[in-house]
Amino acid sequence: MPVERVETLIIGGGQAGLAMSHRLKQRGRAHLVLERHRIAERWRSERWDGLRFQFPNWSVRLPDFPFAHADPDGFATGGEIAEFIAAYAAFIAAPVRCGVNVAALRYRDGAPGFAAETSDGVIEADHVVVATGPYQRAMIPAWLREDAGIFQLHASRYRNPGQLPPGAVLVIGSGASGAQIAEELLRAGRRVYLSVGRHRRMPRRYRGRDLIWWLDAMGLLQRPTEQRGPDRSLPLITGAFGGDTIDFRRFAAEGVTLLGRMEAADGGVIDFAPDLAEQLAYGDASYAIFLDMMDAHVEQYGLEMPQDPDARAGLPDPPRPPEPLRRLDLRAAGIAAVIWATGYRFDFGWIHVPVLNAQGEPVHVRGITGVPGMYFLGLQWLSKLNSSLLSGVGEDAADLADHIAART
Ligand SMILES: Cc1cc2nc3c(=O)[nH]c(=O)nc-3n(C[C@H](O)[C@H](O)[C@H](O)COP(=O)(O)OP(=O)(O)OC[C@H]3O[C@@H](n4cnc5c(N)ncnc54)[C@H](O)[C@@H]3O)c2cc1C
(Lines give C-alpha, C1' and ligand atoms only; values in the text may rest on other atoms or scores of the structure.)
Protein backbone atom coordinates (compact mmCIF):
# COMPACT_ATOMS: atom_id res chain seq x y z
CA MET A 1 0.00 0.00 0.00
CA PRO A 2 1.46 3.44 -0.85
CA VAL A 3 2.37 5.45 2.23
CA GLU A 4 0.48 8.73 2.62
CA ARG A 5 2.55 11.87 3.35
CA VAL A 6 1.51 15.12 4.99
CA GLU A 7 3.50 18.14 6.07
CA THR A 8 1.93 18.30 9.54
CA LEU A 9 -0.11 15.62 11.23
CA ILE A 10 -2.39 16.69 14.08
CA ILE A 11 -3.54 13.87 16.33
CA GLY A 12 -6.86 14.56 18.09
CA GLY A 13 -10.00 16.31 16.87
CA GLY A 14 -11.00 18.22 20.01
CA GLN A 15 -10.73 21.96 20.53
CA ALA A 16 -6.91 21.82 20.55
CA GLY A 17 -6.50 19.83 17.32
CA LEU A 18 -8.98 22.07 15.53
CA ALA A 19 -7.43 25.31 16.79
CA MET A 20 -4.10 23.97 15.51
CA SER A 21 -5.66 23.25 12.13
CA HIS A 22 -7.05 26.80 12.01
CA ARG A 23 -3.70 28.37 12.82
CA LEU A 24 -1.82 26.28 10.24
CA LYS A 25 -4.42 27.10 7.61
CA GLN A 26 -4.02 30.81 8.35
CA ARG A 27 -0.31 30.37 7.60
CA GLY A 28 -0.98 28.39 4.42
CA ARG A 29 0.54 25.19 5.83
CA ALA A 30 -0.74 21.82 4.67
CA HIS A 31 -1.91 19.44 7.38
CA LEU A 32 -4.29 16.66 8.35
CA VAL A 33 -6.23 16.06 11.59
CA LEU A 34 -6.89 12.48 12.74
CA GLU A 35 -9.65 11.82 15.27
CA ARG A 36 -10.27 8.29 16.46
CA HIS A 37 -13.97 8.80 17.13
CA ARG A 38 -15.98 11.99 16.44
CA ILE A 39 -15.10 15.67 16.66
CA ALA A 40 -15.20 16.79 20.32
CA GLU A 41 -15.68 13.17 21.34
CA ARG A 42 -14.93 13.73 25.01
CA TRP A 43 -17.69 16.31 25.30
CA ARG A 44 -20.04 13.73 23.78
CA SER A 45 -19.16 10.55 25.64
CA GLU A 46 -17.07 11.42 28.70
CA ARG A 47 -19.20 14.09 30.38
CA TRP A 48 -22.40 13.67 32.36
CA ASP A 49 -25.80 14.94 31.19
CA GLY A 50 -26.15 17.63 33.87
CA LEU A 51 -22.64 19.06 33.42
CA ARG A 52 -22.54 22.72 32.57
CA PHE A 53 -19.56 24.48 31.06
CA GLN A 54 -17.82 26.24 33.92
CA PHE A 55 -17.33 29.48 32.03
CA PRO A 56 -20.27 31.83 31.38
CA ASN A 57 -21.50 32.04 27.79
CA TRP A 58 -20.10 35.52 27.20
CA SER A 59 -16.57 34.18 27.71
CA VAL A 60 -16.86 31.10 25.47
CA ARG A 61 -14.97 31.39 22.21
CA LEU A 62 -12.52 29.70 19.88
CA PRO A 63 -10.18 31.66 17.59
CA ASP A 64 -12.30 33.93 15.34
CA PHE A 65 -15.41 32.02 16.42
CA PRO A 66 -17.57 33.26 19.32
CA PHE A 67 -20.24 31.10 20.95
CA ALA A 68 -23.77 32.06 19.90
CA HIS A 69 -26.04 32.27 22.95
CA ALA A 70 -29.23 33.84 24.24
CA ASP A 71 -28.05 34.38 27.83
CA PRO A 72 -24.58 35.87 28.35
CA ASP A 73 -24.53 34.86 32.02
CA GLY A 74 -25.81 31.32 31.43
CA PHE A 75 -23.69 28.16 31.34
CA ALA A 76 -23.80 25.91 28.28
CA THR A 77 -24.52 22.19 28.41
CA GLY A 78 -21.84 19.70 27.37
CA GLY A 79 -23.90 18.94 24.26
CA GLU A 80 -23.95 22.62 23.30
CA ILE A 81 -20.17 22.79 23.68
CA ALA A 82 -19.75 19.67 21.50
CA GLU A 83 -21.96 21.28 18.84
CA PHE A 84 -20.01 24.53 19.13
CA ILE A 85 -16.72 22.72 18.54
CA ALA A 86 -18.22 20.79 15.60
CA ALA A 87 -19.50 24.09 14.15
CA TYR A 88 -16.00 25.52 14.51
CA ALA A 89 -14.58 22.56 12.54
CA ALA A 90 -17.07 23.36 9.77
CA PHE A 91 -16.32 27.11 9.96
CA ILE A 92 -12.58 26.59 9.45
CA ALA A 93 -13.20 23.70 7.03
CA ALA A 94 -10.68 21.62 8.94
CA PRO A 95 -9.29 18.62 7.06
CA VAL A 96 -10.38 16.10 9.71
CA ARG A 97 -10.56 12.36 9.23
CA CYS A 98 -12.78 10.87 11.92
CA GLY A 99 -12.74 7.23 13.01
CA VAL A 100 -8.97 6.96 12.51
CA ASN A 101 -6.95 5.94 15.57
CA VAL A 102 -3.21 6.50 15.82
CA ALA A 103 -1.93 3.30 17.40
CA ALA A 104 1.79 4.15 17.27
CA LEU A 105 4.03 7.06 16.43
CA ARG A 106 7.67 6.46 15.50
CA TYR A 107 10.55 8.06 13.68
CA ARG A 108 10.44 7.44 9.95
CA ASP A 109 12.69 4.63 8.78
CA GLY A 110 15.93 6.04 7.43
CA ALA A 111 14.58 9.56 6.84
CA PRO A 112 13.76 12.62 8.92
CA GLY A 113 10.21 12.96 10.17
CA PHE A 114 7.64 10.65 11.69
CA ALA A 115 5.48 7.69 10.81
CA ALA A 116 2.06 7.29 12.39
CA GLU A 117 0.62 3.79 12.34
CA THR A 118 -3.09 4.36 12.09
CA SER A 119 -6.16 2.18 11.77
CA ASP A 120 -6.20 3.44 8.18
CA GLY A 121 -2.57 2.70 7.26
CA VAL A 122 0.73 4.49 7.76
CA ILE A 123 0.91 8.27 7.45
CA GLU A 124 4.29 10.02 7.32
CA ALA A 125 4.74 13.60 8.45
CA ASP A 126 7.48 16.20 8.85
CA HIS A 127 5.75 17.56 11.96
CA VAL A 128 3.39 16.03 14.46
CA VAL A 129 1.19 17.90 16.92
CA VAL A 130 -0.21 15.65 19.65
CA ALA A 131 -3.55 17.13 20.76
CA THR A 132 -5.10 14.12 22.48
CA GLY A 133 -6.33 16.04 25.51
CA PRO A 134 -5.27 17.03 29.01
CA TYR A 135 -7.51 14.35 30.55
CA GLN A 136 -6.87 11.09 28.78
CA ARG A 137 -7.29 7.99 30.90
CA ALA A 138 -9.58 7.70 33.91
CA MET A 139 -7.63 7.18 37.11
CA ILE A 140 -9.19 4.78 39.61
CA PRO A 141 -7.20 3.64 42.65
CA ALA A 142 -7.11 -0.16 42.82
CA TRP A 143 -8.74 -0.10 46.24
CA LEU A 144 -12.19 -1.44 45.70
CA ARG A 145 -12.03 -4.75 43.90
CA GLU A 146 -14.58 -5.48 41.20
CA ASP A 147 -15.59 -8.50 43.24
CA ALA A 148 -16.57 -6.28 46.19
CA GLY A 149 -19.97 -6.50 44.51
CA ILE A 150 -20.48 -2.72 44.49
CA PHE A 151 -21.59 -0.77 41.42
CA GLN A 152 -18.71 1.58 40.72
CA LEU A 153 -17.69 3.86 37.91
CA HIS A 154 -15.38 6.76 37.11
CA ALA A 155 -16.80 10.28 36.74
CA SER A 156 -16.09 10.09 33.00
CA ARG A 157 -18.61 7.21 32.76
CA TYR A 158 -21.22 8.79 35.02
CA ARG A 159 -24.27 10.06 33.10
CA ASN A 160 -27.14 10.78 35.51
CA PRO A 161 -28.60 9.65 38.84
CA GLY A 162 -30.97 7.22 37.09
CA GLN A 163 -27.98 5.20 35.87
CA LEU A 164 -27.14 4.18 39.45
CA PRO A 165 -28.87 1.46 41.42
CA PRO A 166 -31.25 2.77 44.11
CA GLY A 167 -29.60 3.63 47.41
CA ALA A 168 -26.94 5.89 48.83
CA VAL A 169 -23.89 6.92 46.79
CA LEU A 170 -20.29 7.43 47.86
CA VAL A 171 -18.40 9.98 45.76
CA ILE A 172 -14.64 9.84 46.14
CA GLY A 173 -12.87 13.07 45.23
CA SER A 174 -13.75 16.71 45.74
CA GLY A 175 -12.51 18.39 42.60
CA ALA A 176 -15.01 20.05 40.29
CA SER A 177 -16.30 16.69 39.01
CA GLY A 178 -16.79 15.10 42.45
CA ALA A 179 -18.41 18.20 43.91
CA GLN A 180 -20.77 18.69 40.98
CA ILE A 181 -21.81 15.03 40.85
CA ALA A 182 -22.37 14.97 44.62
CA GLU A 183 -24.58 18.05 44.39
CA GLU A 184 -26.53 16.60 41.47
CA LEU A 185 -27.14 13.35 43.33
CA LEU A 186 -28.23 15.18 46.47
CA ARG A 187 -30.72 17.25 44.49
CA ALA A 188 -32.00 14.03 42.92
CA GLY A 189 -32.89 12.83 46.41
CA ARG A 190 -29.98 10.47 46.97
CA ARG A 191 -28.22 10.05 50.27
CA VAL A 192 -24.66 11.16 49.48
CA TYR A 193 -21.29 10.53 51.13
CA LEU A 194 -18.42 12.66 49.83
CA SER A 195 -14.75 11.98 50.47
CA VAL A 196 -13.06 15.38 50.52
CA GLY A 197 -9.42 15.90 49.59
CA ARG A 198 -7.24 18.92 48.89
CA HIS A 199 -9.28 21.50 46.99
CA ARG A 200 -9.16 25.13 45.97
CA ARG A 201 -12.54 26.77 46.41
CA MET A 202 -13.32 29.88 44.41
CA PRO A 203 -16.28 32.26 44.40
CA ARG A 204 -18.60 31.90 41.42
CA ARG A 205 -19.32 35.62 41.60
CA TYR A 206 -17.90 38.45 43.66
CA ARG A 207 -18.75 42.12 43.85
CA GLY A 208 -21.14 41.78 40.92
CA ARG A 209 -18.83 39.94 38.51
CA ASP A 210 -18.31 36.32 37.53
CA LEU A 211 -15.07 34.57 38.49
CA ILE A 212 -13.97 34.43 34.85
CA TRP A 213 -14.25 38.19 34.57
CA TRP A 214 -11.97 38.46 37.60
CA LEU A 215 -9.45 35.92 36.32
CA ASP A 216 -9.26 37.85 33.08
CA ALA A 217 -9.14 41.30 34.66
CA MET A 218 -6.39 40.22 37.05
CA GLY A 219 -4.37 38.65 34.22
CA LEU A 220 -4.53 35.23 35.88
CA LEU A 221 -5.81 33.35 32.83
CA GLN A 222 -2.60 34.41 31.14
CA ARG A 223 -0.38 33.56 34.10
CA PRO A 224 2.71 31.85 32.63
CA THR A 225 3.72 28.35 33.67
CA GLU A 226 6.89 29.68 35.32
CA GLN A 227 4.65 31.46 37.84
CA ARG A 228 2.52 28.41 38.64
CA GLY A 229 2.49 27.87 42.38
CA PRO A 230 3.12 24.56 44.14
CA ASP A 231 -0.63 23.82 44.52
CA ARG A 232 -1.61 21.43 41.73
CA SER A 233 -5.31 21.20 42.66
CA LEU A 234 -7.72 22.50 40.05
CA PRO A 235 -10.12 25.32 40.96
CA LEU A 236 -13.40 24.15 42.39
CA ILE A 237 -16.20 25.83 40.43
CA THR A 238 -19.49 24.89 38.82
CA GLY A 239 -21.86 26.18 36.17
CA ALA A 240 -24.61 23.72 37.14
CA PHE A 241 -27.96 24.88 38.55
CA GLY A 242 -27.30 28.43 37.36
CA GLY A 243 -23.75 28.50 38.74
CA ASP A 244 -23.07 28.89 42.43
CA THR A 245 -20.09 28.97 44.77
CA ILE A 246 -19.26 25.46 45.95
CA ASP A 247 -19.12 25.27 49.72
CA PHE A 248 -18.81 21.86 51.35
CA ARG A 249 -20.22 23.26 54.57
CA ARG A 250 -23.41 24.06 52.66
CA PHE A 251 -23.37 20.52 51.25
CA ALA A 252 -23.16 19.19 54.82
CA ALA A 253 -25.99 21.44 55.96
CA GLU A 254 -28.11 20.08 53.10
CA GLY A 255 -27.45 16.47 54.13
CA VAL A 256 -24.22 15.30 52.48
CA THR A 257 -22.01 13.29 54.83
CA LEU A 258 -18.49 14.62 54.43
CA LEU A 259 -15.53 12.31 54.98
CA GLY A 260 -11.77 12.74 54.95
CA ARG A 261 -9.56 11.41 52.18
CA MET A 262 -10.00 7.76 51.35
CA GLU A 263 -7.05 5.79 52.69
CA ALA A 264 -7.73 2.12 52.12
CA ALA A 265 -10.42 -0.45 51.45
CA ASP A 266 -10.90 -4.03 52.41
CA GLY A 267 -13.75 -5.72 50.61
CA GLY A 268 -16.65 -3.31 51.01
CA VAL A 269 -15.19 -1.54 54.03
CA ILE A 270 -13.44 1.77 53.41
CA ASP A 271 -11.11 3.71 55.69
CA PHE A 272 -10.84 7.49 55.64
CA ALA A 273 -8.14 9.79 56.97
CA PRO A 274 -8.96 11.99 60.00
CA ASP A 275 -8.25 15.08 57.89
CA LEU A 276 -11.68 16.46 56.98
CA ALA A 277 -11.32 19.60 59.11
CA GLU A 278 -7.87 20.22 57.63
CA GLN A 279 -9.15 19.81 54.05
CA LEU A 280 -12.06 22.18 54.65
CA ALA A 281 -9.74 24.71 56.26
CA TYR A 282 -7.43 24.58 53.24
CA GLY A 283 -10.38 25.15 50.87
CA ASP A 284 -11.61 28.05 52.98
CA ALA A 285 -8.16 29.61 53.20
CA SER A 286 -7.64 29.51 49.43
CA TYR A 287 -11.12 31.03 49.00
CA ALA A 288 -10.37 33.85 51.46
CA ILE A 289 -6.98 34.54 49.85
CA PHE A 290 -8.67 34.87 46.50
CA LEU A 291 -11.25 37.33 47.84
CA ASP A 292 -8.38 39.38 49.27
CA MET A 293 -6.66 39.39 45.87
CA MET A 294 -9.83 40.63 44.21
CA ASP A 295 -10.28 43.36 46.82
CA ALA A 296 -6.67 44.42 46.35
CA HIS A 297 -7.25 44.61 42.59
CA VAL A 298 -10.29 46.85 43.10
CA GLU A 299 -8.29 49.11 45.34
CA GLN A 300 -5.22 49.21 43.13
CA TYR A 301 -7.21 50.27 40.07
CA GLY A 302 -9.76 52.40 41.93
CA LEU A 303 -12.64 50.36 40.49
CA GLU A 304 -16.21 51.18 41.47
CA MET A 305 -17.65 47.85 42.51
CA PRO A 306 -20.25 47.12 45.16
CA GLN A 307 -19.18 45.54 48.43
CA ASP A 308 -20.09 41.85 48.84
CA PRO A 309 -20.19 41.02 52.57
CA ASP A 310 -22.18 37.80 51.96
CA ALA A 311 -19.18 36.27 50.19
CA ARG A 312 -17.26 36.28 53.45
CA ALA A 313 -20.05 34.99 55.65
CA GLY A 314 -18.87 31.57 56.76
CA LEU A 315 -21.05 28.57 57.47
CA PRO A 316 -20.51 26.51 60.63
CA ASP A 317 -18.47 23.33 60.60
CA PRO A 318 -20.44 20.31 59.42
CA PRO A 319 -22.23 18.31 62.11
CA ARG A 320 -20.04 15.43 63.19
CA PRO A 321 -20.84 12.12 64.74
CA PRO A 322 -19.35 11.72 68.25
CA GLU A 323 -16.34 10.02 66.68
CA PRO A 324 -15.21 11.27 63.25
CA LEU A 325 -16.33 8.77 60.61
CA ARG A 326 -13.13 6.92 59.80
CA ARG A 327 -14.59 3.67 58.53
CA LEU A 328 -17.56 3.00 56.30
CA ASP A 329 -19.07 -0.41 55.66
CA LEU A 330 -20.71 0.21 52.29
CA ARG A 331 -23.42 -2.42 52.68
CA ALA A 332 -24.28 -1.48 56.26
CA ALA A 333 -24.57 2.18 55.19
CA GLY A 334 -26.85 1.25 52.29
CA ILE A 335 -24.35 2.51 49.74
CA ALA A 336 -25.29 1.07 46.37
CA ALA A 337 -22.76 2.87 44.17
CA VAL A 338 -19.29 4.39 44.34
CA ILE A 339 -18.26 7.14 41.93
CA TRP A 340 -14.57 7.73 41.49
CA ALA A 341 -13.97 11.41 40.78
CA THR A 342 -10.27 10.77 41.14
CA GLY A 343 -8.95 12.44 38.04
CA TYR A 344 -7.11 11.42 34.92
CA ARG A 345 -3.67 10.41 33.81
CA PHE A 346 -1.74 10.54 30.55
CA ASP A 347 -1.94 7.72 28.05
CA PHE A 348 1.02 8.27 25.75
CA GLY A 349 2.22 4.66 25.58
CA TRP A 350 1.73 4.75 21.80
CA ILE A 351 4.42 7.42 21.34
CA HIS A 352 7.75 5.77 20.53
CA VAL A 353 9.70 8.99 19.99
CA PRO A 354 11.83 10.17 22.94
CA VAL A 355 9.63 13.02 24.14
CA LEU A 356 8.37 11.47 27.40
CA ASN A 357 9.95 11.29 30.83
CA ALA A 358 10.16 8.16 33.00
CA GLN A 359 6.60 8.81 34.24
CA GLY A 360 5.28 8.91 30.67
CA GLU A 361 4.72 12.67 30.76
CA PRO A 362 5.62 14.88 27.81
CA VAL A 363 8.81 16.89 28.16
CA HIS A 364 8.40 20.22 26.41
CA VAL A 365 8.70 23.96 26.69
CA ARG A 366 5.48 25.68 25.68
CA GLY A 367 4.54 22.60 23.66
CA ILE A 368 7.83 22.39 21.78
CA THR A 369 9.70 19.16 22.51
CA GLY A 370 13.40 18.43 22.24
CA VAL A 371 12.72 16.34 19.12
CA PRO A 372 12.58 18.71 16.14
CA GLY A 373 9.12 18.58 14.59
CA MET A 374 7.29 17.08 17.61
CA TYR A 375 4.78 19.19 19.53
CA PHE A 376 2.10 18.91 22.22
CA LEU A 377 -0.95 21.14 22.48
CA GLY A 378 -3.84 21.47 24.91
CA LEU A 379 -2.07 20.16 28.01
CA GLN A 380 -2.64 21.78 31.40
CA TRP A 381 -0.32 24.73 31.86
CA LEU A 382 1.33 24.09 28.49
CA SER A 383 2.43 27.72 28.50
CA LYS A 384 -0.08 29.41 30.82
CA LEU A 385 -3.09 28.82 33.04
CA ASN A 386 -5.66 28.74 30.25
CA SER A 387 -3.63 26.54 27.87
CA SER A 388 -5.98 23.58 28.30
CA LEU A 389 -9.13 25.70 28.22
CA LEU A 390 -11.33 26.54 25.28
CA SER A 391 -10.50 30.22 25.62
CA GLY A 392 -6.73 29.74 25.74
CA VAL A 393 -5.76 26.97 23.35
CA GLY A 394 -5.84 29.20 20.24
CA GLU A 395 -2.89 31.31 21.38
CA ASP A 396 -0.68 28.31 22.02
CA ALA A 397 -1.75 26.89 18.64
CA ALA A 398 -0.67 30.14 16.96
CA ASP A 399 2.75 29.92 18.61
CA LEU A 400 3.23 26.31 17.49
CA ALA A 401 2.04 27.14 13.97
CA ASP A 402 4.63 29.95 13.81
CA HIS A 403 7.29 27.49 14.95
CA ILE A 404 6.28 24.96 12.30
CA ALA A 405 6.10 27.60 9.58
CA ALA A 406 9.60 28.77 10.50
CA ARG A 407 10.95 25.23 10.07
CA THR A 408 9.52 24.70 6.58
C1 LIG B 1 -15.42 17.03 33.57
C2 LIG B 1 -14.66 18.08 32.81
C3 LIG B 1 -15.19 19.35 32.67
C4 LIG B 1 -14.50 20.33 31.99
N5 LIG B 1 -15.05 21.56 31.89
C6 LIG B 1 -14.38 22.54 31.25
C7 LIG B 1 -14.94 23.84 31.15
O8 LIG B 1 -16.01 24.10 31.68
N9 LIG B 1 -14.24 24.78 30.48
C10 LIG B 1 -13.06 24.52 29.87
O11 LIG B 1 -12.48 25.39 29.23
N12 LIG B 1 -12.49 23.30 29.98
C13 LIG B 1 -13.13 22.31 30.65
N14 LIG B 1 -12.57 21.07 30.75
C15 LIG B 1 -11.18 20.89 30.27
C16 LIG B 1 -10.97 20.87 28.75
O17 LIG B 1 -11.53 21.95 28.12
C18 LIG B 1 -11.51 19.66 28.14
O19 LIG B 1 -10.87 18.56 28.73
C20 LIG B 1 -11.30 19.64 26.61
O21 LIG B 1 -11.99 18.53 26.13
C22 LIG B 1 -9.85 19.60 26.14
O23 LIG B 1 -9.81 19.68 24.72
P24 LIG B 1 -8.65 19.02 23.86
O25 LIG B 1 -8.96 19.22 22.43
O26 LIG B 1 -7.34 19.48 24.36
O27 LIG B 1 -8.72 17.49 24.24
P28 LIG B 1 -9.92 16.45 24.06
O29 LIG B 1 -11.24 17.12 24.07
O30 LIG B 1 -9.64 15.40 25.04
O31 LIG B 1 -9.70 15.94 22.58
C32 LIG B 1 -8.72 15.00 22.24
C33 LIG B 1 -9.24 14.16 21.11
O34 LIG B 1 -8.20 13.28 20.71
C35 LIG B 1 -8.78 12.05 20.34
N36 LIG B 1 -7.71 11.05 20.44
C37 LIG B 1 -7.08 10.64 21.57
N38 LIG B 1 -6.13 9.73 21.29
C39 LIG B 1 -6.15 9.57 19.96
C40 LIG B 1 -5.39 8.75 19.05
N41 LIG B 1 -4.42 7.94 19.49
N42 LIG B 1 -5.68 8.80 17.72
C43 LIG B 1 -6.66 9.65 17.26
N44 LIG B 1 -7.40 10.42 18.08
C45 LIG B 1 -7.15 10.40 19.40
C46 LIG B 1 -9.91 11.86 21.33
O47 LIG B 1 -10.91 10.99 20.82
C48 LIG B 1 -10.42 13.29 21.52
O49 LIG B 1 -11.51 13.59 20.68
C50 LIG B 1 -13.24 20.05 31.42
C51 LIG B 1 -12.69 18.78 31.55
C52 LIG B 1 -13.40 17.79 32.23
C53 LIG B 1 -12.79 16.42 32.36
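From helices alone, the chain scores -7500 deg cm²/dmol at 222 nm; the rule is -39500 (n - 2.57) for each run of n ≥ 4 DSSP H residues, then divide by the residue total. Solvent-accessible area of region 31-169 (1.4 angstrom probe, protein heavy atoms only): carbon and sulfur portion equals 52 percent. A simple count of charges around residue 100, restricted to other residues whose Cβ falls under 14 Å of its Cβ and scoring Lys, Arg +1 and Asp, Glu -1, yields -2. Highest mobility in the GNM of the chain, judged by mean-square fluctuation with C-alpha springs under 10 Å and restricted to 313, 217, 285, is found for 313.
Charged neighbours of residue 368, selected by a Cβ distance under 12 Å, balance to -1 (K, R count +1; D, E count -1).
Within the set of other residues whose C-beta is less than 13 Å from the C-beta of residue 138, count the net charge using Lys and Arg as +1 and Asp and Glu as -1. Charge balance in the 13 Å sphere: +3. Computed on the Cα atoms alone, the convex hull of region 41-134 gives a volume of 125 cubic angstrom per residue. Rounded to the nearest 5, the antiparallel percentage of DSSP beta bridges internal to the chain is 45%. By a 1.4 Å probe calculation restricted to protein chains, residue 64 has an accessible surface near 100 Å², given to the nearest 10. Each of 109, 295 has its accessible area taken with a 1.4 Å probe; listed largest first, they run 109, 295.
Accessible surface area normalised per residue over region 337-382 is 41 Å², counting heavy atoms of protein chains with a 1.4 Å rolling probe.
Carbon-plus-sulfur accessible fraction, region 287-408 (probe radius 1.4 Å, protein heavy atoms only): 53%.
Computed over the chain with a Gaussian network model linking Cα atoms closer than 10 Å, the most mobile of 62, 211, 234 is 234.
GNM remark for the chain: springs join alpha carbons under 10 Å apart, and the peak mean-square fluctuation among 53, 248, 91 falls on 91. On a per residue basis, region 126-276 carries 39 Å² of accessible surface, using protein heavy atoms and a 1.4 Å probe.
Counted over region 5-99, the DSSP beta bridges are approximately 30% antiparallel.
The values are calculated or read from the model by the stated rules, or taken from the named source; none is laboratory data. Note that the structure is a prediction, hence the values are computed from the model and not measured. All Cβ positions, even for glycine, are placed from backbone atoms using ideal geometry, and neighbour counts span all protein chains on display. Surface areas here come from the heavy atoms of the whole protein model, side chains and all, with no ligands, DNA or RNA. Shrake-Rupley method; radii C 1.70, N 1.55, O 1.52, S 1.80 Å.
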